[in-house]
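Peer 1: This is the structure, below, for whatever I ask next.
The values are calculated or read from the model by the stated rules, or taken from the named source; none is laboratory data. In this text, all values refer to a predicted model and were calculated from it rather than measured experimentally. Cβ coordinates were reconstructed from backbone atoms using ideal geometry, including for glycine residues, and neighbour counts include every protein chain displayed.
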Ligand code: ATP
Ligand code: FE2
């Protein structure tokens, strides 16, 4: 069965096609704001502009179903993906599968790494969550304020090194020295706004390299600590890293050390499937379709604020 997946929740418009368990194509185009954060209308305009080209490259043969990210995300961006999914569904007379974007990150992580029953760490621009499977996806811990990717993007903006910030901070950090920063972990949850404010203040007296390095060391250690606690609480012995931030080599190394010390297995989603992309949505769609979930094109809808434990079948009940 061939599924075309459409991703448009935030900055990236992507389309990817799978056939059974194989990825046939995965094409995306990312919007980078010239200054400031993502502007919803500009992001949506970007998606409108690139959608035709991205979809014609990704659509390598006639699909049997269309999957699209129905949330969470930015309203105007979500709307573009939903409408394209709807019209393609009508055109091809095929079913539609709405997919939870966060769950798509998790499912492509499982599929690409063959992880079985991990503690999953979903860390991206909008999310920082420690998740496990317990009769469906359950959130065990999360950031109580901003997401780690968002914090990296904001810090990079202060430094004037562009968007996305994560890769730029990673590069800077390679030449930095350590300086103490706030470290806030509360049981299974964590906070990033305190360390953010501190890092911004520190930029007046320390080099960008030192701030980048020390920010990474503290922020990543906090995440590793709560992940290790989740392993201990649940008695699971496997970590799965998913989301755009896990492309960071330093983050992977810190998890490698922790997992080695605990005798736990570490699985990391490959870089090309880590950030927002259409193939992960197609795969997320397949997982749902196999469970019997599909809708008609005219039933498509989107939701800005769903979470990985939201029951989509309930939301799309006619
Ligand atoms: P969500 O899944 O929450 O909707 P998103 O759509 O922003 O968020 P992704 O594309 O999965 O998600 O992740 C983008 C984030 O990943 C950005 O914040 C970006 O800075 C970060 N990122 C990308 N590469 C790296 C890297 N090498 N190191 C750290 N962060 C990175
Ligand atoms: Fe994402």
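Peer 1: Which residue pairs have Cβ atoms closer than 8 Å, lie 6 or more positions apart in sequence or on different chains, and pair a first residue in the stretch 99-116 that is in contact (Cβ under 8 Å) with a residue 40 or more places away in the chain and closer than 14 Å to residue 246 by Cα with a second residue that is near ligand 1 (Cβ under 10 Å from one of its atoms) and assigned to a strand (DSSP E or B)?
Peer 2: These pairs meet every condition: 105/122; 105/242; 106/122; 106/242; 108/242; 109/242.
Peer 1: Now for a separate question. Residue 61 - would you say it is assigned to a helix (DSSP H, G or I) and either within 14 Å of ligand 2 (Cβ to nearest atom) or surrounded by fewer than 21 Cβ atoms within 10 Å (Cβ to Cβ) (or both)?
Peer 2: Considered against the rule, which asks whether it is assigned to a helix (DSSP H, G or I) and either within 14 Å of ligand 2 (Cβ to nearest atom) or surrounded by fewer than 21 Cβ atoms within 10 Å (Cβ to Cβ) (or both), residue 61 comes out as no.
Peer 1: Just to check your reading of the model, which residue among 132, 89 is in contact with a helix residue (DSSP H, G or I) (Cβ under 6 Å, 6 or more places away or on another chain), more than 16 Å from ligand 1 (Cβ to nearest atom) and closer than 19 Å to residue 229 by Cβ?
Peer 2: 132
Peer 1: Tell me which residues, restricted to the stretch 92-116, are farther than 19 Å from residue 270 by Cβ and either within 12 Å of ligand 2 (Cβ to nearest atom) or in contact with a strand residue (DSSP E or B) (Cβ under 6 Å, 6 or more places away or on another chain) (or both).
Peer 2: 94, 95, 96, 97, 98, 99, 100
Peer 1: Mind listing whichever residues of the stretch 36-54 are away from ligand 1 (no atom under 14 Å from the Cβ) and in contact (Cβ under 8 Å) with a residue 12 or more places away in the chain?
Peer 2: The answer is 36, 41, 44, 48, 50, 51, 53, 54.
Peer 1: On to the next question. For the stretch 117-133, which positions are more than 16 Å from ligand 2 (Cβ to nearest atom) and touching a residue at least 60 places away in the same chain (Cβ under 8 Å)?
Peer 2: Matches in the stretch 117-133: 117, 118, 119, 130, 132.
Peer 1: Let me ask something else about it. Exactly one condition in (1) within 28 Å of residue 140 (Cα to Cα); (2) assigned to a strand (DSSP E or B) is false for residue 78; which is it?
Peer 2: (2)
Peer 1: Tell me, which helices (runs of 4 or more DSSP H) wholly within the stretch 96-206 include 3 or more residues that are closer than 30 Å to residue 2 by Cα and modelled with pLDDT of 95 or more?
Peer 2: Qualifying helices (runs of 4 or more DSSP H): 101-113.
Results for (1) buried (at least 24 other Cβ atoms within 10 Å of the Cβ); (2) assigned by TED's automatic domain parsing to the domain that holds residue 85, shown as yes or no for each residue.
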| position | (1), (2) |
| --- | --- |
| 256 | no, no |
| 259 | no, no |
| 264 | no, no |
| 267 | no, no |
| 278 | yes, yes |
| 281 | yes, yes |
| 285 | yes, yes |
| 290 | no, yes |
| 294 | no, yes |
